[in-house]
Amino acid sequence: MFCALHVVGGVLWAGSAIFYFLFVEYRRLREHGPAGPKVMQNLLARRYPLFMNVVSGLTVVAGLWLFWIVSGGLNMGWITSGPGVGFALGSVVALVVYAIGFFMLRPRRPYGPVRSGYRPSRADSPRRIRRLRCIG
């Protein structure tokens, strides 16, 4: 069961990330112009970040559990073998990618002035006000 969860979760995690970075983010920047933030609002409203966090978290937990089982409770004899080194390196890379995605790529604030409650003030530059009007 954990093996299937790990494989399916990994495929969903990698496929969703590739889809997002190659199609959604690229098109938002290139084709939508000022409407790009509205596209991102729509994506966030569909709970894409929650989906990615759940799928990646389940994949990592299932992978750690499988590593524990296969290594015989973290037996150093197995971990220093050929397959053990391969699985250990793969695990480290997966944990680094998970940490990058979880801590660095998540939305830090809601997109747009309407959702965040921000309204332009006199201290804002005209360029910033125009940009905020495009976002909201």
Being loosely packed, with under 12 Cβ neighbours inside 10 Å, farther than 28 Å from P49 by Cα and out of contact with any helix residue (DSSP H, G or I) (no Cβ under 9 Å at 6 or more places or on another chain): is that true of G82 here?
yes
Answer residue from region 37-57, given it is over 14 Å from G101 (Cβ atoms) and of a type outside the set (A, V, I, L, M, F, W, C) and is least open to solvent (accessible area, probe 1.4 Å) among those
P37
Within region 85-100, residues being open to solvent by 80 Å² or more (accessible area, probe 1.4 Å) and of a type in the set (G, A, S) number 0
Taking V60 as meeting all but one of (1) open to solvent by 40 Å² or more (accessible area, probe 1.4 Å); (2) within 21 Å of A99 (Cα to Cα); (3) at pLDDT 90 or above, write down the number of the exception.
(1)
Being part of a helix (DSSP H, G or I) and either out of contact with any strand residue (DSSP E or B) (no Cβ under 6 Å at 6 or more places or on another chain) or at pLDDT 95 or above (or both) narrows it down to one residue among A123, A94; which is it?
A94
Restricting to region 43-52, and then to whatever is out of contact with any Gly (no Cβ under 8 Å at 6 or more places or on another chain) and in a helix (DSSP H, G or I), can you tell me which residue is nearest to F23 (Cα to Cα)?
L43
Is there any pair with a first residue in region 2-30 that is closer than 12 Å to Y48 by Cβ and a second that is surrounded by 14 or more Cβ atoms within 10 Å (Cβ to Cβ) and modelled with pLDDT under 90 whose Cβ atoms are under 7 Å apart and which are 6 or more apart or on different chains, and what are they?
S16/M52; V24/L43
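The values are calculated or read from the model by the stated rules, or taken from the named source; none is laboratory data. Treat the numbers as computed from the prediction; the structure is a model and nothing was measured. Note that each Cβ is placed from the backbone with ideal geometry, even for glycine, and that neighbours are counted across all protein chains shown. Side chains are part of the model used for accessible areas, which takes the heavy atoms of the whole protein and leaves out ligands, DNA and RNA. Shrake-Rupley method; radii C 1.70, N 1.55, O 1.52, S 1.80 Å.
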